[in-house]
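Quick note: the coordinates plus some simple rules give every number you see, no bench work behind them. In this text the structure is predicted, and so the values were computed from the model without any measurement. Note: ideal-geometry Cβ built from the backbone for every residue, glycine included; neighbour counts use all protein chains shown.
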Amino acid sequence: MKNNFDEYIKKFDTQVQKYIPPKENWTPSDHAVYGVKDFFRIPIKEAQELQFKAIKYQFKNHYENNKMYYGFCKEMKITPDNIKSYIDLEKIPLIPGEFYKDYPNGKDFALWLANIFTGDIPQVKIKGKDPNFDDVINSFNATGLVVAYSSGTSGRHTFIPRDRKTFDISEYAIAKAAITMTYPIYNYHMKGYLLMPNPFKTNVFAGKVCTIYYDAISEVTAAIDREINTEVIKLSMTGTGGFKAKLVQKYLSRMTKKIVNNIIKFLEKNSKEKNDIVFAGAPFFLYAVTKKLMEQGRSFDFSDKCAILTGGGWKVHEDSRITVEKFRKQMQDVLGVKPEHCVDLYGMVEGNGWMIQCPEGHYLHIPYAYYHPMVLDDEFKPIGFNKSGRFAFLDGTTYSYPGFIISGDKVKMLEHCPVCDRPGPVLEPEVTRAAGKEMRGCAEEVRRMISMDIGDE
Ligand SMILES: [Zn+2]
């Protein structure tokens with residue numbers, strides 16, 4: 001079994017070689033990601049050692065090369081010398097996620113990005129007197145950076161500047177987490193359907209981070225193939241913008257019907273050709289597809305030829321959520337997909353940590369070798385296991401910005417999965433927004449982008 005798994009990961013690594021730096025250049029961060037075979041089966045002590053080295057390495061990097069963060073650490077009176085062993089990690093100063101939303105408009109935005117960047121940001125020429133966010137981001141990204149964003153219902157975005165190395169780690173980690181937990185279903189010849197915007201036509205992080213999907217498997221179809229920029233997101237997330245917003249919504253609503261029909265054609269074709277398939281992205285598309293199929297009294301039997309990787313939130317309507325269990329049951333009833341091949345991922349634009357459900361119990365396992373999870377109380381003090389609180393983390397893999405962050409999500413962390421035998425802590429599957437925080441999540445972003453009425457066809 002173990003040898004088979006090693007072979008399986010090796011095949012994946014061969015397909016995604018371009019995301020892996022040459023071994024002789026590996027830093028402690030790279031070791032914690034590329035050097036481990038199964039993120040979720042590393043003995044605790046070994047994982048903590050890797051984690052300590054990676055986080056300490058990045059803390060020193062940001063302390064020395066990020067003026068903003070250096071000033072913050074000075075104020076908190078913490079230096080790299082204070083971080084001597086694993087138990088000292090939680091002394092590292094945390095940045096509230098709101099910080100990455102606190103940006104100015106126009107040319108000052110470029111300056112703001114440069115300020116939160118660790119090291120020297122490439123010089124860019126931004127055209128025009130009054131550039132918008134997309135102009136600025138595209139100028140930076142033309143130099144090889146990957147500035148990506150996510151947004152909330154208020155229309156404020158979270159902008160995170162990743163350099164190529166940081167972005168490659170994020171992509172590699174999300175794909176490896178997914179194929180590890182769905183072992184042994186992955187193979188290069190699978191046909192993929194991306195329930196997200198085309199990563200090559202957007203700077204939305206949830207879409208962008210799926211670029212690796214196109215390398216890991218032979219053929220991918222993207223649900224949304226038009227360009228998605230901050231303007232489209234703003235119109236769809238906030239519902240403001242008058243006439244223009246109405247036009248965009250009307251257009252998007254037509255697009256929704258098209259996508260649902262498209263997915264049904266994809267299912268028909270691959271069922272006939274007996275291909276292995278994999279869906280990745282926002283769950284509400286598949287909810288809408290299976291709802292339509294049920295109404296037509298139709299079903300498919302993909303059995304162990306289909307994997308479903310969802311992420312980003314479980315709202316299927318403006319006012320309703322579907323439970324993760326109900327979703328899995330619906331996928332099994334209508335598409336024949338086994339519940340163990342239907343797993344949810346949890347992550348965010350601010351970090352490279354991808355939590356993923358185990359097939360046995362559907363708890364969210366944490367990539368413990370490079371990512372230190374914490375749960376905080378209202379005063380931002382760590383409260384450990386078994387209590388609900390604010391999720392925070394120390395990410396040992398972000399080279400270009402300090403990934404030591406207090407999120408806006410509410411979670412409960414357990415010391416061990418109650419169902420499977422993988423070591424390391426887990427999060428309970430239902431992650432919600434902390435009180436007073438706006439609704440966010442990549443699926444929610446896409447859901448709003450597409451339609452206010454999906455599923456009502
Ligand atoms: Zn588990």
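Net length available on complete extension from Tyr214 to Thr323 is 36.3 nm, with 0.36 nm assigned per residue and the Cα-Cα distance removed.
Between Asp6 and Asp135, the contour length at 0.36 nm per residue exceeds the alpha carbon distance by 42.1 nm.
Within straight-line reach of Lys18, meaning a Cα separation under 18 Å, sit the following lysines at least 8 residues removed in sequence or on another chain: Lys10, Lys37, Lys165, Lys176, Lys208. The calculated FRET efficiency for Asp81 paired with Asp377, based on their beta-carbon distance and R0 = 25 Å, is about 0.35.
Helices from the chain with mean Kyte-Doolittle at least -1.0 and a Cα length along the axis of 24 Å or more, per DSSP H: which?
On the way: long enough: 44-65 (31 Å, -1.25); 164-181 (26 Å, 0.14); 242-273 (46 Å, -0.57).
Qualifying helices: 164-181, 242-273.
Projecting the Cα atoms of Ile308, Ile9, Leu94 onto the charge dipole of the chain, computed from C-beta unit charges around the Cα centre, puts Ile308 farthest toward the positive end.
Over the chain, what is the relative contact order in whole percent, taking alpha-carbon pairs under 8 Å and six or more residues apart? Let's see the in-between values first.
Working: 869 pairs, mean separation 89.2, N = 457.
The value is 20 percent.
Straight distance only, please: which lysines reach the Cα of Lys338 with their own Cα at less than 17 Å, same-chain residues fewer than 8 apart left out? Answer for Lys338, where 17 Å is the Cα cut-off: Lys274, Lys305, Lys326, Lys329, listed by chain and number. In this structure the amide hydrogen of Ala222, modeled in the peptide plane, comes within under 5 Å of the amide hydrogens of Leu194, none closer than 5 places in sequence on its chain.
Short version: what are the Cα gyration tensor semi-axes of region 75-230, square root of 5 times each eigenvalue, largest first, in whole Å? Working shown, then result.
On the way: eigenvalues 173, 128, 38 Å².
After scaling each eigenvalue by five and taking roots: 29, 25, 14 Å.
Amide H to amide H distances under 5 Å link Phe302 with Gly336, Val337, where only residues 5 or more positions off or on other chains count and H is placed in the peptide plane. Placing R0 at 51 angstrom, the Cβ-Cβ distance between Lys265 and Lys387 gives a FRET efficiency of 0.60 after rounding to 0.05.
Given +1 at the Cβ of Lys and Arg, -1 at the Cβ of Asp and Glu and no other charges, the dipole of the chain around its Cα centre is 820 debye to the nearest 20. Each eigenvalue of the Cα gyration tensor of region 23-70, multiplied by 5 and square-rooted, gives one semi-axis; in descending order these are 24, 13, 7 Å.
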